[in-house]
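Step one of this worksheet: look at the structure below.
Nothing in this text is a laboratory measurement; each read-out follows from the coordinates by a stated rule. These numbers were taken from a predicted model, which means no experiment stands behind them. Cβ sites come from the backbone with ideal geometry, for glycine too, and all protein chains shown count toward neighbours.
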Amino acid sequence: MLQVEGLVAGYGAIEALHGVDLAVAPDEAVALVGPNGAGKSTLFGVVSGLLRPWRGKVVFDGQDVTRWPAERRALAGLILVPEGRRVFAGLSAEENLRLGAYRRARGREVADRMAEVFDLFPRLLERRGQRAGTLSGGEQQMLAIGRALMGRPRLLLLDEPSLGLAPLAVREVADALSQLVRSGVTVALVEQNAAVAFGIANRGFLLDRGEVVTAGSVADLRDDSRVQAAYLGNPRG
Ligand code: ATP
């Protein structure tokens, strides 16, 4: 589904990724773990098309998308839920969802997709008319995920979905993501909360200082002292 090869990227004179290789197979859920500043968000930026790599390539579903703009990747099904949710605060929950289907679906199809989102997040159905800015953090995260789902992702990238949420909301969002994975959506997520990351994913990569240090099954990673160190000092880990 996704292949990243020899990715080098950065900001100005700072090289943040020093040649990253990784692959995600269809139907799997992978977690990208690593300490602050490891390059996780940078990697997602390059994969989603928000950031141009200096070298290397991104192959999605057999096509080299390295030079595709983010919008074209999203239309092809490579959709990012960015860190910090970024819903349109002044628009209603339903309007936010409709924007996720923009240029991708119309009429009946939009209604069908919205019904699926409401099945996954019944809370959004209750709140559909409410301005997004007045929703709780957990509801805004559900909305951000729901908006991405309106675009029928084939690969959903989630950057820190549990960040800043209350414990109950963390559980609700994590349960919904597990349900999505079971329904066959391929997922890659960056997560500071180890329990969430390893509860959803079946495989993972440890990124440190811009390089993939190790990769393996969730069971292997859990026992890896480098992974434990990356989560050390994080009370939610
Ligand atoms: P965190 O969990 O703290 O977000 P991360 O693993 O996502 O960490 P990145 O945000 O990708 O890490 O950062 C990788 C490196 O790139 C860091 O050294 C960071 O300081 C640097 N960096 C990130 N964004 C920028 C930017 N906009 N301008 C300059 N440097 C940046």
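I'd like the antiparallel share, as a percent to the nearest 5, of DSSP beta bridges with both residues in the chain. Taking every DSSP beta bridge within the chain, about 55 percent pair in antiparallel fashion.
Given the DSSP H assignment, sum -39500 (n - 2.57) over each helix run of at least 4 residues in the chain and divide by its residue total; what's the result at 222 nm in deg cm²/dmol, nearest 500?
Values: 10 runs with 91 residues, N = 237.
The helix-only estimate for the chain comes to -11000 deg cm²/dmol at 222 nm.
For the chain, the dipole from Cβ point charges (+1 on Lys and Arg, -1 on Asp and Glu) about the Cα centre works out to 780 debye, to the nearest 20. For the pair the range 8-61 and the range 139-212, the centres of their Cα atoms are 16 angstrom apart. Rg and Dmax of the chain, both derived from C-alpha coordinates alone, stand at 17.2, 51 Å. Fully extending the segment from S136 to A115 would add 5.4 nm, taking 0.36 nm per residue of separation and subtracting the current Cα-Cα distance.
Considering only DSSP states other than H, G, I, E and B, which trypsin sites (Lys or Arg not before Pro) in the range 156-237 qualify as loop sites with at most 15 other Cβ atoms within 10 Å?
Details: sites: R171, R182, R203, R209, R222, R226, R236; in loops: R209, R236.
Passing both the DSSP loop test and the Cβ count: R209, R236.
After finding the eigenvalues of the alpha carbon gyration tensor for the range 175-227, what semi-axes result from the square roots of 5 times each, listed largest first in whole Å? The partial results should precede the final answer.
Details: eigenvalues 87, 25, 20 Å².
Here the semi-axes work out to 21, 11, 10 Å.
Under 15 Å from the 7 Å Cα→Cβ point of R222, by amide nitrogen: which residues of the range 166-207? Taking a point 7 Å out along Cα→Cβ of R222, the residues of the range 166-207 whose backbone N falls under 15 Å are 194-204.
Build a GNM of the chain with springs between Cα atoms under 10 Å apart, and of A111, A194, A13 the one that fluctuates most is A13. Here the Karplus relation 6.51 cos²θ - 1.76 cosθ + 1.60, evaluated at θ = phi - 60°, turns the backbone of the range 34-45 into coupling constants of x, x, 4, x, 5, x, 5, 5, 4, 4, 5, x Hz, with x for every Gly and Pro.
Calculate the translational D of the range 78-147 in whole µm² s⁻¹ from Stokes-Einstein, where the hydrodynamic radius comes from the Kirkwood formula applied to all Cα pairs, the temperature is 37 °C and the viscosity 0.692 mPa s.
On the way: Rh = 11.9 Å.
D = 276 µm²/s.
In loop segments of the range 57-86 as defined by DSSP, the trypsin sites (Lys or Arg not before Pro) with at most 15 further C-beta atoms inside 10 Å of their C-beta are R67, R86. For the chain, the residue among A29, I14, M150 whose Cα projects farthest onto the positive side of the dipole built from Cβ charges is M150. Checking every one of the chymotrypsin sites (Phe, Trp or Tyr not before Pro) in the range 18-75 against DSSP loop status and a limit of 14 other Cβ atoms within 10 Å picks out W54. Here the spin labels are modelled as points 7 Å beyond Cα on the Cα-Cβ line, and at D175 and A89 they lie 3.0 nm apart.
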